[in-house]
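First comes the structure, then the notes that go with it.
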Amino acid sequence: MSSLANKRVLLGVSGGIAAYKAAELVRLLRAAGAEVQVVMTRGATRFITPLTLQALSGRPVREALFDEAAEAGGMDHISLARWADVLLVAPATADLLARLAQGRADDLLTTLCLASRAPLLLAPAMNVAMWDHPATRANVALLESRGVALLGPAEGELACGEAGAGRMLEPAELLAALEGRFRRGSLDGCRVLVTAGPTREPLDPVRYLGNRSSGRMGYAVAEAAALAGARVTLVSGPVALACPPGVERVVVETAAEMHAAVMARAGDCDIFIAAAAVADYRPQAAAAQKIKKSAPRLTLDLVRNPDILADVARLPRPPFTVGFAAETDDLERHARAKRMAKGVDMIAANRVGPGLGFDTEDNELLLIREGGSERLPRAPKTRLARQLIESIAAAWRARREPAATGDDHAQGTA
Ligand code: CTP
């Protein structure tokens, strides 16, 4: 049985040539057992008739914001927004992305996107120059930072005769993506907080102390957690990576900012994964003006940064905490010592050195937790992240289950 059985899908269709594919998408969604309510923009009705989508969905298609009959019949726009388990807009035009990025509510579809708390997925379709335009890039980045998931676009021949990115994903691909969202995962309903990337510690207005972390491992971990069904917040230092689909991202620069962003959220999460390469020290004070090269020597006075992972582990009711340890030698001994010193539940240790660790596609991990260890052999970071998330999910459940049966209370009073 499809994971979409009995799910309520609000399918938005905006005005692009790919709107004709919405007919096939509605047919596939219905065949998978979903209830489908189609909402069209005015532009979409120029490309495909509402009657076609009404016949396929089995429900009257909605278009107008002020639809007196629908409002009177109990399906006003707020009820419709609450009805949906998921909102999918396919195709999503450049104009629609811009209106959503701005939070506009100037037609029924954008109003529903604003009024609904259900996940919002967008399948963009447009000319390649429009997709590449800085305005669209900025709108996409803004939407992604709010946790909106972008499905595609694919590269290929476009209806306008050009080739490149801008083609809407095929209906079968959109169906598979939607089914993926509803499949039960090992972290269903779990809230996960992840740190990733480097931090930058300012020396003066133009210089900083940094490190070579690319953020790839942390981003892969955040994506894997989201795919496993978790609600993920990623607190990221400056990196050149796109926010993974469905993940909420908070961008910070310094270790102090990362510490504040994490501490504000750590009490509300079930699992905390510290994958960031946090600077251990920062300049005592950043110079107000650019430091001039007048003196023959320059000595920097550095002070310790807070240890984010250790501070989360010290909370009165800490989440399940996972830290990374990058070591050049004696991996297992250093990793065990780090786990004890920081008081964390699990350490994912990796060797750093030529060809391993920072700035590489591959990695390998040794997982150290209380009473055991597990080796995850060398693999691309995305695959490794999925395995790591499965191990974390199993360890998290094992720690939670005694509490659920009351065992930990029994131990506490024994
Ligand atoms: N970490 C953190 N805050 C810091 C420093 C580190 O949250 N200020 C986290 C990292 O994200 C990582 C783990 O702690 O998960 C290990 O960091 P690492 O730099 O390897 O260890 P240190 O404790 O700094 O020890 P050392 O540098 O001496 O190996």
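For this structure, a couple of remarks:
Here is a yes/no grid of residues against (1) among the polar types (S, T, N, Q); (2) loosely packed, with under 15 Cβ neighbours inside 10 Å:
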residue	(1), (2)
Ala5	no, yes
Gly15	no, no
Ala19	no, no
Ala22	no, no
Ala34	no, no
Val39	no, no
Gly43	no, no
Arg46	no, yes
Thr52	yes, no
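- Count of residues meeting criterion [farther than 19 Å from Ala326 by Cα, crowded, with 19+ Cβ neighbours inside 10 Å and of a type outside the set (D, E, K, R)] in the range 190-207: 3
- Entry remark, the range 128-154: residues being over 16 Å from the mean Cα position of the chain (by Cα), surrounded by fewer than 18 Cβ atoms within 10 Å (Cβ to Cβ) and not in a helix (DSSP H, G or I) number 2 in total.
Every residue, every condition in (1) more than 21 Å from His334 (Cα to Cα); (2) touching a His at 6+ places or on another chain (Cβ under 9 Å); (3) at pLDDT below 70; (4) among the β-branched types (Val, Ile, Thr), yes or no:
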{"residue": "Asn350", "(1), (2), (3), (4)": "no, no, no, no"}
{"residue": "Gly353", "(1), (2), (3), (4)": "no, no, no, no"}
{"residue": "Arg369", "(1), (2), (3), (4)": "no, no, no, no"}
{"residue": "Ile392", "(1), (2), (3), (4)": "no, no, no, yes"}
{"residue": "Thr405", "(1), (2), (3), (4)": "yes, no, yes, yes"}
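Let's see how each residue does on (1) assigned by TED's automatic domain parsing to the domain that holds Arg46; (2) without any contact (Cβ under 8 Å) to a residue 40 or more places away in the chain; (3) closer than 20 Å to Arg8 by Cβ; (4) of a type in the set (A, V, I, L, M, F, W, C):
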| position | (1), (2), (3), (4) |
| --- | --- |
| Ala94 | yes, no, no, yes |
| Leu97 | yes, no, no, yes |
| Gln102 | yes, yes, no, no |
| Ala125 | yes, no, no, yes |
| Val128 | yes, yes, no, yes |
| Val140 | yes, no, no, yes |
| Leu143 | yes, no, no, yes |
| Leu151 | yes, no, yes, yes |
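- Condition check for Glu364: more than 12 Å from the ligand (Cβ to nearest atom), in a helix (DSSP H, G or I) and among the charged types (D, E, K, R): no
- Annotation note: of Arg304, Arg282, Arg314, Arg336, the sole residue that is assigned by TED's automatic domain parsing to the domain that holds Val262, within 16 Å of the ligand (Cβ to nearest atom) and touching a residue at least 60 places away in the same chain (Cβ under 8 Å) is Arg282.
- Counting the residues of the range 323-333 that are away from the ligand (no atom under 12 Å from the Cβ) and either outside the structural domain of Leu367 (by TED's automatic domain parsing) or modelled with pLDDT of 95 or more (or both) gives 0.
- Residues of the range 367-397 that turn out to be farther than 19 Å from Arg351 by Cβ, of a type in the set (Ser, Thr, Tyr) and outside any helix (DSSP H, G or I), as a count: 0
- Evaluation of Asp67 against (1) within 32 Å of the chain's Cα centre (by Cα); (2) touching a residue at least 12 places away in the same chain (Cβ under 8 Å) (one fails), failing number: (1)
- Leu158 meets all of the listed conditions (1) out of contact with any Pro (no Cβ under 9 Å at 6 or more places or on another chain); (2) farther than 25 Å from Ala22 by Cβ; (3) crowded, with 19+ Cβ neighbours inside 10 Å but one, namely (2).
- From the options Asp67, Asp85, Asp95, Asp76, residue that is modelled with pLDDT of 95 or more and of a type in the set (D, E, K, R): Asp95
- Verdict on Phe320 being within 12 Å of the ligand (Cβ to nearest atom), touching a residue at least 40 places away in the same chain (Cβ under 8 Å) and not small (Gly, Ala, Ser): no
The values are calculated or read from the model by the stated rules, or taken from the named source; none is laboratory data. It should be emphasised that the depicted structure is a prediction, and the values quoted were computed from it without experimental measurement. Methodologically, a virtual Cβ is constructed for each residue, glycine included, from the backbone with ideal geometry; neighbour enumeration extends over all protein chains shown.
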